[in-house]
Structure formats: structure tokens, C-alpha cells
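**Student:** This structure is in C-alpha cells; I'll ask about it shortly.
The values are calculated or read from the model by the stated rules, or taken from the named source; none is laboratory data. Because the structure is a prediction, the values reported are computed rather than measured. Virtual Cβ from ideal backbone geometry, glycine too; neighbours counted across all protein chains shown. Ligands, DNA and RNA are stripped out before the accessible areas are found, and what is left, the full protein with its side chains, is counted by its heavy atoms. Shrake-Rupley method; radii C 1.70, N 1.55, O 1.52, S 1.80 Å.
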Amino acid sequence: MAKEKPVRPTDPPVHPVLAVAAAPAGHIRRAHRRATRGTLLALAALLAGCASRTPPPPPPTVEERPDDFEAAAAVDGAETLYAEGIDLYRDGRWEEAATSFERTIDKLLSGATEWTTDRKTSRYATLLRIKAEYYLDRCRDENERIAALPPPPPAPAPSPSFPRDRNTPVKQWIHYFRTRGRSNFTSWLENCGRYEKMMKGILREENLPPELFYVALIESGMNPHAYSRAHAVGVWQFIGSTGRLYGLRSDWWYDDRRDPERACRAAAAHMKDLYESLGDWRLVLAAYNCGEARVKREIRRSGSRDFWKLRRLPRQTKEYVPKFMAALIIASSPEEYGFYFVPDPPLEYETVRVRGTVALEAIAYCAGSSTEEVERLNPAIRRSVTPRTREWFDVRVPVGTADRVERCLPELPTEMRVTWEEYRIRRGDTLSEIARRFGTTTTALMQMNRLASRHSIREGRRLLIPRRSRMAVPPSMVARREATKTDGGDSTPRGKGRYRYVVRRGDTLGGIAERFGVPLREVREMNRIGRRGLIHPGEALVLYLSASTAANFRLEKATDEPVIHVVVRGDTLETIGRRYGVAAGEIARWNGISLRRTIHPGDELKIYGDSRP
């Protein structure tokens, strides 16, 4: 048996590169020479073939056509129109957007861009036209959709009737007005007579409920000089920003917010806007007090539009609406709730356009009236002169005097028309030094500049300096006063009398004003007490009150007979004036002496103030 040969494992295949690497060096050199020779022969044959072929002809030149420039201009104009159309489309102004897209397409076609030889321009113009046609179709679809919709409901018109709730908070306020707040509320109702006819007429002109008139009642007690801690001013209590929003301007010279008529028109416009936004009068009242944004935020939080369910409104706002409801209910039938009063007569006046800066004293002189009366008719004027910042100003004068003022003012010399000059306070100045420098009194400076204290001046601020003590009263005013005395009248407001109140221990001016329902500012002005002035037990104050209010507090009428005061050690004209509720300057004038004169113990002074110590 033949012996089988062992099977050898097959060798793995060798990579050509490895085979070459494994070959002897001589073989490698010979193979490289053969490959190089073949490559050179192939390259030579290729070059020979290229040399025998003719070069291709150059690309044909494009002959420019006359419409190429027009096409480019058309594309530029179409881009602008297309961009305008896109902006209008995004704003939802479909008709205007459709017009812009139509003009885009017309512009592209007018430039003959379809036949231009500039392919890039042609492609861009075609794409722009396709996009314009697409948006044009969308605009037309939107216009058709809107036309098919029913007409939108009209904005809610102001309601002719006003809600009158009588829930527990309202009843609590009614009880308050009938008890602790009785005298104050009675005074408010009396003040309503001045403005009720005018303001309710404005509200009716704006198609608003006339009951909104009583918003001013609870805001300020119908006092045009009211000023709150939030810097709200006037009968309708506008803050500066809201007032400017509705056209009420103010500066150092005047403040439109103090003008009852202008402020009423602004308040009517404001509440009309609030009603269009909120649609409920209770919410309007709340927004008038704390702001529209605050009310809307609370509505979103609570998910309710019922005012009585809005729990997180400010406390003042929660009390504001029931307070208004209570005031409205009582004012609608005051006798039913035990309020008996004589309303003030309606405020009546005529208007004179005054150019330049003129003192109200000069206007009163020409009108044959008192400066106090003209100031009462023009509460917006803050400095007793027409504003320097206005070219002209409409000044209100008593009825029947407008023609006289228009004739008289141009004839007055400058020194009578302008009875003041302006002074800027310097470092180290004091009010007494300024008064001595200009030959006037500290009291006159404080009254003209409405200063609370003789120490409330600062460097850089302005002061109005009176040039003369007082303007002579014209004969017409003398005749009017004589006629008034003959008729048994006096200078007190109609329907009120001058009554004397003796200060008691623990009294404050604010407490006295609230007790008798008289504005604090009026108490200060009637008794010539500065904002920081003090009162002492035993001093007498003059108050203008109705007979019913005076009877409730058992006050005596102030006498017109002079009081003889015997000077004692330590007395000065100012301390005597404070004691009797009169100004030191008036005591000096009544007794024919100078403010600088020294008084001595034993001297007798006549006091014509409406009070006794």
C-alpha cells in the first residue's frame, strides 16, 4: 500500500503590491522602465490627436435689446410694491394689500420681462409675479369671507340708566352719612348747587348717565381746590398723567384740573372710554378709582365681571363703589333721609379773552368786583395772574361785566395791569428780607405765592412780588357795595352766614373743617392761617355756614361791631391777629399804623374781624 503524501495547507493569496515588494530588486527596476515607456507613448499619441482637431468657435455675443433697461427698472419698482403689499397683508388690510399686489403684477408686465435675454432677471421676475398672484388670491378670498360674515355688533353704548344697589356695604355708607358724616355730607350737597346744572348738561351731551355727576361729590365734595395724597387735583380728582391724556394742561401758573368745566369734560371722556372697555358701570367706577389695568387684571384672575365678587381690589376701591351708591341714593331724595339744606346758587359767569399777563386784581377792578370773586370764578389760575406761558387766557368774570372789562383793560396803565414782578430766590434769602427789600410784607408774599410757611422757600424757585399794596376800588364797586348794604346784604356766599366758633382744647383745623363740612383750605383762607399755622384754645374762627348747620351746633353769628383790644405785655400785631382770626396787616390798616410800628402795653386797637376772643 502506497504511502499517501501529506496534504500541505494552501498558502493565502498574496496582494500584488506585497508580491512586487517581495520580488527581487532587478525585476522591479525592469518593470518600472517598461511602465514608464508605455505611459510616455500614450501621452504623445494623445497630444498628437488634439493638435490635429480644430478649436471650437467662441460663444455667440448677446445683442442687447432696448427693453433690457426697462425690465430691470420694472423689477426694482415691483419689489417695492410687493414689500408694501406684504406689510399690509400682515396687518390684515386685505383690500389695500390686494391693490399693492395688482400693481406689482402690472409693473412686471409693463417691463416686458418675459422677453428679456437676461435669464436671471427673467427667472426672478417670473417668481415675483407668481408670489404676487398667490397673495392676491389670498386677499380676495379674505375679502369674500369677511363680506359673507354678519355685521359686527356695535360697541356697547353708554347705558341711559344707572344701577342702584342696596346691599350691606351700601347700607353701611348710608348710615355713616346720616350719622358721623352728616355735617360734611350736608355741606357737599349744598356745594352741588354751584355745578349741578353745568355738569349734568355736559354728561348728557356725551350720552352718559347724569348720575355720574355724584362721582365729583364723593371725590372732592365739589371743591375745585381739593388735593389728595396721590397728587390728584380738582373737583374730579385727576392725577397729572391722566389729565394730560384728556387734554388738561398744568404748570406753575395754572392748572386745568382745577377748572370744573374743563375737568368735567375730561372726566366724561374718560368714563366713556372706560365703559366701552369694561361694559359695566360698577367696574367703570372701580377703574376710575384704581385704574383700568388693575380692574382688568382682577377680572382675569377671578374669572368674574361682577364687581361684588372681585375680592383682591384695593380696600379704597372696594369702599368707593358702595360709597358712591349711598351718595347717589341720598342725593336723589335727601328729605327722605333727613337732609334739609339750601343749595348754593348756580355758578354764572361771562368770559373775556385776555392777552398777556394781567393781574386778576386789575380784571376785578375793571369788572367792578372783588378780587376774591374773580379768583373764585377762575380756580385754574394759581398765581392770581393770567399765565405767562399762554398767549391768551379766557378769564371768567361776573355776569354783565364782560363788555366793561374789554373796554377798561386796554386803557389801564401797565403798572396797574401788572401789579407784581418775578424774583428768583438766592442762597441765604429769607422771606422777611425779601419783603423788606421790595417794600412789602411777609403776609402779602405768602398769600400771593400760596406759601404754607414763611420758611418754605428754596433757592432757585420763583416768587411773585406785589408792586403795590392793593389796587384802589373803582367807583362802580363802591356803588355796588352801598347798594348791597342798603338791601341788608353782605359779602358772604348766598345762602350762608358768617358764624363764630371758639377753638377748644384738642381742636385741630382738620377736625373743625370735617365737623362743619367746610373744606380745610377754605377755613385756612377765611382765617388767614398758613398750612403750618397753629390754633390755640380760646381763639375764634370765622366759618361760612348755612343757618341749619349753625343751629345744629348752636353757633353765634359774627358781629360787625369793632372789638377794642387793650395791648398787654408780649403782644404783637401777629399774635393779636392769630387770636382774633385776622391778618396783622388788616389790624394795622384798621388802626392807621404801620406794620413796623412797635405797640406798647395799654394801647387800644380796633378789631373788625368777624370774631371775638
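**Student:** Just to compare against my own numbers: the Cα pair-distance distribution for the stretch 224-311, 10 Å bins, whole % per bin, please.
**Tutor:** 17, 45, 27, 10, 1
**Student:** While we're on this one: For the pairs LYS200/LYS557; LYS197/LYS309; LYS197/LYS272; LYS171/LYS272; LYS296/LYS323, note any where the Cα-Cα span goes beyond 31 Å.
**Tutor:** Too far apart for the 31 Å limit: LYS200/LYS557; LYS197/LYS309.
**Student:** Starting from the amide H of ILE239, placed 1.01 Å from N in the peptide plane, find each other amide H under 5 Å away whose residue is 5 or more places distant or on another chain.
**Tutor:** VAL233
**Student:** Continuing with the same structure: Using per-residue counts of other Cβ atoms within 10 Å, averaged over each peptide, order 502-510, 397-405, 337-345 from highest down.
**Tutor:** By packing density, highest mean first, the sequence is 397-405, 337-345, 502-510.
**Student:** Quick one: 3J(HN,Hα) in Hz for the stretch 194-210, Karplus 6.51/-1.76/1.60 with θ = phi - 60°, rounded, Gly and Pro as x.
**Tutor:** 5, 10, 4, 4, 5, 6, 5, x, 5, 5, 5, 4, 8, 6, 10, x, x
**Student:** In terms of Cα to Cα distance under 25 Å, which lysines are near enough to LYS131, apart from those fewer than 8 places away along the same chain?
**Tutor:** Within the straight-line limit of under 25 Å, LYS131 reaches these lysines: LYS107, LYS120.
**Student:** I'd like the accessible area for GLU514: 1.4 Å probe, protein heavy atoms, all chains in place, Å² to the nearest 10.
**Tutor:** Only protein atoms counted, so the area is about 110 Å².
**Student:** Which value in Å is the Kirkwood Rh of the stretch 132-288 over different Cα pairs?
**Tutor:** The Cα-based Kirkwood calculation yields 18.3 Å.
**Student:** Sticking with this structure for a sec: Any idea how far the Cα center of the stretch 224-251 sits from the one of the stretch 351-392, in Å?
**Tutor:** That distance is 21 Å.
**Student:** Quick query: amide H of ARG249 versus all other amide H atoms, modeled in the peptide plane; which residues come in under 5 Å with a sequence gap of 5 or more or a different chain?
**Tutor:** The answer is ASP256.
**Student:** Alpha carbon centre of the stretch 162-180 versus the stretch 289-317: separation in Å?
**Tutor:** Centre-to-centre distance over Cα atoms comes out at 21 Å.
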